[in-house]
Amino acid sequence: MLILGDSLSAGYGLPTEQSWPQMLDRELADWDFTNASISGETSQGALNRLPALLATNPDALLVEIGANDGLRGYPVQRIRTNIQQIIDMARQAQIKVVLMQIRIPPNYGPRYTQQFETMYQELATENNLVLWPFFMEKIAVDPTLMQPDGLHPNAKGQPLIVEQLKPLFEQLK
């Protein structure tokens, strides 16, 4: 499983071994995870890096991307186009794609926030993809599980992400 994400999957602010992808790699013996997530990554950056990543021949791709685009207020159609191209490129390589729902803070206004969040459901439906719920939903509202920036989970939050994702990976097999 190749994880294509941003700081939420890269383990921003934490030692690599404390990030949820590394924890999952240790806990799920049937899976081999390659974490290609980069803090600050946008959908365009992920798209640009994807050809080289697909050359490693992963069986599956978890797309956890778009938060930085949303936080920068990029047009939703641009984000959608980039993610669609990521999906298309992976499918052309016969790689199973799983899409992660991403949410952004509501301070971008209800119209933008709604368009951004529904984009993931639409992409999943149109492409007949599995859409996984945003793993930060319950963690982000608990300051004891977040780093001081209020955006990234801390070391206490990482195992909770693992517990949320483990059943999803087990169903995916």
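The DSSP beta bridges internal to the range 1-155 are antiparallel in roughly 5% of cases. Annotation note: chymotrypsin sites (Phe, Trp or Tyr not before Pro) in the range 1-106 located in DSSP loop regions with a Cβ neighbour count of at most 16 within 10 Å are TRP31.
When the P(r) is computed for the chain, the part past 30 Å accounts for 10% of the Cα-Cα pairs. The range 148-173 and the range 20-34 have Cα centres spaced 12 Å apart. Extension gain for the segment ARG91 to ASP142, taken as residue separation times 0.36 nm less the Cα-Cα distance, is 14.7 nm to one decimal. Dipole of the chain computed with +1 at Lys/Arg Cβ and -1 at Asp/Glu Cβ about the Cα centre; of GLY45, VAL76, THR118, farthest Cα towards the positive end is VAL76. Dipole magnitude for the chain: computed about the Cα centre from +1 point charges on Lys and Arg Cβ and -1 point charges on Asp and Glu Cβ, it is near 360 debye. Coupling constants for the range 101-117 follow from the phi torsions by the Karplus curve (6.51 cos²θ - 1.76 cosθ + 1.60, θ = phi - 60°), and in residue order they are 5, 10, 10, 10, x, x, 6, 8, x, x, 5, 5, 4, 5, 4, 4, 6 Hz; glycine and proline get x. Were the residues from GLN121 through GLU170 laid out at 0.36 nm apart, the gain over their Cα-Cα distance would be 15.5 nm.
FYI, it's all coordinate maths here, none of it is from the lab. Here the structure is a predicted model, which is why all the values come from computation and not from measurement. Every residue, glycine as well, gets a Cβ built from its backbone with ideal geometry; the counts of neighbours run over all protein chains shown.
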